[in-house]
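A.B. asks: Quick one: structure below, then a few questions.
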Amino acid sequence: MRGSLLCSCIFLALVGLAKEAPAQSRWETYSDAAGTRVEFPADVFSRESGRPEIGTGKRFTTADGSAQLSIYTLPNSRGQSPAGYLKANMKGPRSALNYDRVARNFFAVSTNRRDTVLYRRCNFSVNRGGTMHCIDLAYPQSEKRVWDSTVTRISRSLRPLYS
């Protein structure tokens, strides 16, 4: 009896998570004239909502407005490396980040602000003085586990079409 009650509770918890999970049935590829290419779940980010806060590109939101995806490009006219760009442009200490990965040709960082997870990844074109191809995601911190696989897939798919 006790074991079946435990199984029922676990099942109900999983069903609850499944209801919150973003549907991922229709992935599309966004690309632009600057050479940015990224896959995203178009049935989750179903509404175009104008331009991103920075750069040139598009912003998408979920139907209920609880999550946003911005896809954009920025000029790297100073030819900064990912580490150099973060050092010059990040407000606050990097120790405040929940996730901080910097490589030769990209950075990915994440932090929480006002119950929202903010995630940014920028890939740098190979040529110096090139373009930065970026995504910003914002979603409820309470749904972090539900969003993890979606964020990972979007982030890993980000590519410049050419260097």
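Each value in this text was obtained by applying a stated rule to the coordinates, not by laboratory testing. These numbers come from a predicted model, not from an experiment. Positions of Cβ are backbone-derived with ideal geometry, glycine not excepted, and every protein chain shown enters the neighbour counts.
A.B. asks: Whole-Hz ³J(HN,Hα) for each residue in the stretch 42-47, computed from phi via Karplus 6.51 cos²θ - 1.76 cosθ + 1.60 with θ = phi - 60°, x for glycine and proline: what do you get?
C.D. replies: After applying 6.51 cos²θ - 1.76 cosθ + 1.60, I find 5, 7, 8, 8, 8, 10 Hz.
A.B. asks: What's the FRET efficiency of residue 66 with residue 32 using the Cβ-Cβ distance as r and R₀ = 22 Å, to the nearest 0.05?
C.D. replies: E between residue 66 and residue 32, to the nearest 0.05, is 0.30.
A.B. asks: What area, in nm² and to one decimal, does the C-alpha convex hull of the stretch 24-160 cast on average over all directions?
C.D. replies: 7.9
A.B. asks: Residue by residue through the stretch 94-105, what is 3J(HN,Hα) from phi via Karplus (6.51 cos²θ - 1.76 cosθ + 1.60, θ = phi - 60°)? Round to whole Hz and write x for glycine and proline.
C.D. replies: Computed from phi, the couplings for the stretch 94-105 are 5, 5, 7, 7, 7, 9, 8, 10, 10, 10, 4, 10 Hz.
A.B. asks: Under 8 Å for C-alpha pairs, at least 6 residues apart: give me the relative contact order for the stretch 66-114, rounded to a whole percent.
C.D. replies: Computed over the stretch 66-114, the figure is 29 percent.
A.B. asks: Count the net charge of all other residues whose Cβ sits under 15 Å from the Cβ of residue 158, scoring Lys and Arg as +1 and Asp and Glu as -1.
C.D. replies: It works out to a net charge of +4.
A.B. asks: Another one. Could you give the spread of the C-alpha atoms of the stretch 110-149 along their three principal axes, from largest to smallest, in whole angstroms?
C.D. replies: That works out to 40, 21, 9 Å along the principal axes.
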